[in-house]
1. Once label points are set 7 Å from the Cα along Cα→Cβ at both Arg147 and Phe201, what is their separation, rounded to one decimal in nm?
2. Of the accessible area of the range 62-131, with the probe set at 1.4 angstrom, what percent is carbon plus sulfur?
3. Please compute the per residue accessible area over the chain with all protein chains in place, 1.4 Å probe, rounded to a whole number of Å².
4. So between Met112 and Arg135, what do we pick up on full extension, going 0.36 nm a residue minus the alpha carbon distance?
5. Provide the FRET efficiency to the nearest 0.05 for the Lys240-Asp161 pair, computing r from the beta carbons and using R0 = 25 Å.
6. Roughly what would the spin-label model give for Arg61 and Asp92, points 7 Å off Cα along C-beta, in nm?
7. Using unit Cβ charges (K, R positive; D, E negative) and no other charged atoms, how large, in debye to the nearest 20, is the dipole of the range 26-65 about its Cα centre?
8. Of the labelled options (1) 22.9, 77; (2) 33.0, 130; (3) 19.0, 61, which one gives Rg and Dmax of the Cα atoms in Å as computed for this structure?
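The values are calculated or read from the model by the stated rules, or taken from the named source; none is laboratory data. A quick note: this is a predicted structure, and the numbers were derived from the prediction, not measured. Backbone-built Cβ (ideal geometry, glycine too); neighbour counts: all protein chains shown. These area figures cover heavy atoms from the full protein model, side chains too; ligands, DNA and RNA do not enter into them. Shrake-Rupley method; radii C 1.70, N 1.55, O 1.52, S 1.80 Å.
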Amino acid sequence: LTTIGFAVLIALGIRTFVIEPFRIPSESMLPTLLVGDHLFVNKFLYGARVPFTDWRLPALREPRRGDVVVFEVARRGGGIFPADKHADLPRDRFVKRVIGVPGDTIEITDRMVKVNGEPLDRRESSTGYVDPLDRSLRAQVELLDGRPHALLTDPGAPSRDHPPVRVEPGRYFMMGDNRDHSNDSRSWGTVRFEEFKGPAFILYWSWDWNGSWGELLQPRTWWSLFGEKMRWERIGDAIK
């Protein structure tokens, strides 16, 4: 019993201060992250939060533009709100990319993102992209502080322009890579640093499956799950 209890304490400590798993439930980060991707969050890079407090351990570095971060938001029905401004509401976890850090001015015009007045450099991708709903999306590569990442835009969707907004101290402007199909800071505002869990850094599992746990116990589903549904080639990929 002592050994089991000690092992449980170690596991809880790792989850609290080192790494935490997270599953991708939506298409907002396509093509970087797919529905059914399972990833690890690096909790010590920004300084892990001490449970039941707003205190954090010393950080190795601050969040940077381009980081893919898991964080908490508040929810009421279909509404999303900054968690610190609606402390009475239930919380959920989102994953998005940091576009603006404290002090930045962010503006979006005709799908072009400007950071401090400078449009982000974009390059056309050589291949198109068809999402799970059979929408033909435009694939591009965007440079954010010299760091490339893939993104998608939907020519058939209205452009989601955003007037210039200055990111307040201690807050971050977050956007999904599936730009026209992401619920992010353009809709509900910036995220306080204290709500950050940490950056996503590696995929440890990936499958194209959204069934129940009960189905996993049925042998007839195993061939489909571990054959057709598994994305073996993604396992171990770093998240960029």
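1. Those two pseudo-labels are separated by 1.2 nm.
2. Working: 1560 of 3440 Å².
On the range 62-131, the fraction of accessible area on carbon and sulfur atoms equals 45 percent.
3. Details: 12820 Å² over 240 residues.
Accessible surface, normalised per residue, equals 53 Å².
4. Details: separation 23, 0.36 × 23 = 8.28 nm, distance 2.07 nm.
Full extension of this stretch gives 6.2 nm more.
5. Working: r = 27 Å, r/R0 = 1.08.
The pair Lys240/Asp161 has a calculated efficiency of 0.40.
6. Between Arg61 and Asp92, the simple spin-label model gives 3.1 nm.
7. Working: 6 positive and 4 negative charges, 52 e Å.
That gives a dipole near 260 debye.
8. (3)
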